[in-house]
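So the structure is just underneath, and the comments pick up after that.
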Amino acid sequence: MITAESGAVKLTLDEGSLCFSVTANSETWTWAQDYCPRIVTQDDREILFTQAASIQHTPWNTGVGRGIHSCYSGFSIDGEAVPFAFETIAWIESTTGDVYFEFIPVIDEGVKVKAVYWPGPMAFEENSSKWYSVLNILQGLLLPNTWENEVRKLSFDGQLCSNTAYMPWFGQVRPGAGYIAICQQPWDAAYQVDHPAGGPYTHVGIRWLPSLGKLSYRRVMKYTFLGACDYNDLCKVYRGYVKETGLFTSLAEKAARNPLVDKLIGSAIVHKGIKTHVAPGSYYYDPEHPEKNDHLVPFAQRTQEIKHYKEKGVEKLYLHLDGWGEPGYDNQHPDYPPACAAAGGWEGLKELSDTIEDCGYMFGLHDQYRDYYFDAKTFDEEFACRNPDGSIFQWARWAGGPQTYLCATQAPYYVKRNFEEVLSHGIHLEASYLDVFTCNEGDECDNPRHRMTRRECFQYREACFRYLMSKGILPSSEEVTDWSMNSLVFAHYGPYDFMLQAPGAPRKGIPTPLFNLVYHDCLILPWLMDRLPGQEDYMLYALLNGGAAYMDKDGAYPGCDGSFADEDKKLDEEIARYRIVAALQERVAKQEMVRHEFLDGDWMRQRTTFADGTTVTVNFHDNSYSIEN
């Protein structure tokens with residue numbers, strides 16, 4: 001055993017297994033017994049750290065901490081030596097007691113790496129619901145060790161900076177102790193969860209991904225170990241981290257840049273479409289009922305609906321308009337203009353825009369700059385994301401049919417081209433929506449003329465948001481990830497995982513507002529307001545989270561992404577429900593959510609507390625609620 005100590009924290013390395021344990025706050029955390037530090041190659045071979053011919057451990061003592069430095073070299077594949085070599089440093093920061101695990105590629109040749117599984121998952125073996133994991137899957141959830149449903153498969157294969165990890169951290173809590181593990185290079189990382197049905201354990205671990213085929217640079221996980229704590233404490237540790245690193249940007253700051261933020265707060269969110277065209281080859285194409293593949297609503301009809309909302313006394317409203325371009329919803333991006341001729345063309349869209357402006361409402365357009373359709377007028381494979389082997393991604397799920405991905409280096413140019421055309425026709429936009437940017441993982445491109453890493457991909461996506469901001473337009477996107485917190489003002493939604501699944505589908509854990517415990521006062525999140533058979537009233541989640549309300553929402557793809565609602569809704573009733581949510585949002589939108597709790601250990605009874613003293617208590621047993629100040 002090799003040890004390093006700083007203050008009350010002790011690191012121990014088992015030289016045989018190469019696994020660590022950490023003692024902090026008089027509690028010891030040890031890596032899972034069945035874990036082996038390893039590298040997986042592109043052809044799915046495993047290279048264990050223990051297979052290195054040379055392994056050297058030395059003390060790592062600096063002016064800021066103490067730890068253990070390890071060097072690994074002398075690997076071979078199929079009996080042939082390869083030059084691949086790396087180092088690890090595990091150390092304790094003296095000032096904070098935080099523990100850092102660093103993986104450092106030294107010679108990045110000879111092995112085609114698919115993933116590095118290090119550091120290891122913590123042993124978390126106890127048949128108790130008081131032992132739970134804290135996971136940032138969408139809005140967030142708690143996974144008790146005794147949870148009845150298996151949790152192993154994650155969307156986007158667990159890649160951070162996607163909707164499987166709105167924030168790049170995870171944690172675990174047991175009686176008397178807990179930890180939070182923060183990934184400091186989330187753009188090239190993913191995580192995995194191993195929870196069998198019924199438990200009695202949950203293992204959560206990180207894996208490092210290559211960037212353009214190489215590990216390239218140092219990767220760091222930061223662990224903060226706490227004594228008696230709960231998930232609220234972990235969220236507040238991370239809130240402090242993003243303030244320290246500059247990701248945190250409050251709504252108050254964003255409103256100072258653009259006062260339209262205050263106009264959006266309390267607005268009814270209305271989501272409508274114009275043209276639908278499902279192309280042959282699309283997953284959604286219906287060859288047996290071709291009449292279902294095309295649908296059109298004139299701009300004039302939407303204009304009349306806006307006037308109707310005004311007649312109903314709706315004071316504040318934001319219209320998110322799908323399918324306004326000539327090709328139809330999810331077709332031929334990024335070549336989306338002109339406005340759909342059959343729906344009324346630019347004149348019809350301008351009339352709708354003018355009506356919205358006259359009513360004092362807000363208007364935004366749906367657009368897409370990732371999906372790159374083969375039948376787009378300016379499609380050129382040269383500008384598709386290219387894999388290191390020279391291939392490009394292809395699929396045909398969405399309405400427009402066969403597509404690949406546009407290299408994000410090109411996205412800001414297309415955004416500028418399209419929006420300048422829209423604005424030249426006098427369309428009055430105060431907000432707009434760039435689809436999927438904050439929902440999907442980052443892309444890579446190995447075309448030497450526009451080579452791009454995942455990290456650079458996020459930077460180009462954010463450049464698109466900044467362009468909108470420069471035009472006085474509030475930017476939004478599909479969901480939320482915290483790389484965008486400096487520029488994103490609102491999103492399509494930031495729901496709990498179960499809300500995007502079919503009613504009655506097995507849940508991965510207990511829905512918990514982890515994202516809002518960190519970022520509530522930084523972003524406006526609209527909430528679904530559905531009342532589905534056998535489900536909770538979703539309005540209560542909107543209240544619990546102090547968010548915005550969808551007053552009227554047409555899903556683009558029925559049965560997908562939360563579009564499961566009963567269409568038999570009464571507008572007057574939806575307006576009344578919206579007003580309840582909006583009144584609370586107006587009060588707390590810029591307030592920190594300081595605490596969330598389950599009352600008497602019952603996850604169906606919950607309470608949130610905001611910084612101004614407002615408390616919201618909901619009871620999903622009878623769908624009741626109370627709001628107190």
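Quick look at the numbers
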| item | result |
| --- | --- |
| Cα-based equivalent ellipsoid, the range 391-515: semi-axes from gyration tensor eigenvalues, Å | 27, 21, 16 |
| Selection from S128, P196, L264, by position along the positive dipole direction of the chain (Cβ) | L264 |
| Å² per residue, accessible surface of the chain at 1.4 Å | 37 |
| Exposure ranking of D98, D262, D286 by accessible area [1.4 Å probe, largest first] | D262, D286, D98 |
| Cubic angstrom per residue, convex hull over Cα atoms of the range 317-374 | 68 |
| I575 - accessible surface, heavy atoms, 1.4 Å probe, Å² rounded to 10 | 10 |
| Sparse-neighbour loop sites [chymotrypsin sites (Phe, Trp or Tyr not before Pro); the range 366-456; at most 13 other C-beta within 10 Å; DSSP] | F393 |
| GluC sites (Glu not before Pro), loop per DSSP, at most 16 other Cβ atoms within 10 Å - longest free stretch of the chain | 316-566 |
| Protection-proxy order for peptides 213-222, 134-143, 337-346, each taking the mean of Cβ atoms within 10 Å per residue, highest first | 134-143, 337-346, 213-222 |
| Share of carbon and sulfur in the accessible heavy-atom surface of the chain [1.4 Å probe, %] | 49 |
| Cα-only radius of gyration and Dmax that characterise the range 355-403, units Å | 16.7, 54 |
| Subset of K275/K310; K275/K350; K254/K570 violating a 27 Å alpha-carbon distance limit | K254/K570 |
| Solvent-accessible surface (1.4 angstrom probe) belonging to D530, in square angstrom, nearest 10 | 10 |
| Only Lys, Arg (+1) and Asp, Glu (-1) charged, at Cβ; the chain dipole about Cα centre in debye | 1240 |
| Under 18 Å from K569, Cα to Cα: lysines that are on another chain or at least 8 residues apart | K272, K312, K553 |
| Which labelled figure in (i) 41.9; (ii) 28.7; (iii) 43.7 is mean projected area of the Cα convex hull in nm², once derived from the coordinates | (ii) |
| Neighbourhood net charge (14 Å Cβ-Cβ; Lys/Arg +1, Asp/Glu -1) for D233 | +2 |
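The values are calculated or read from the model by the stated rules, or taken from the named source; none is laboratory data. Note that the structure is a prediction, hence the values are computed from the model and not measured. Using ideal geometry, Cβ is built from the backbone for each residue, glycine included, and neighbour counts are taken over all protein chains shown. Surface areas here come from the heavy atoms of the whole protein model, side chains and all, with no ligands, DNA or RNA. Shrake-Rupley method; radii C 1.70, N 1.55, O 1.52, S 1.80 Å.
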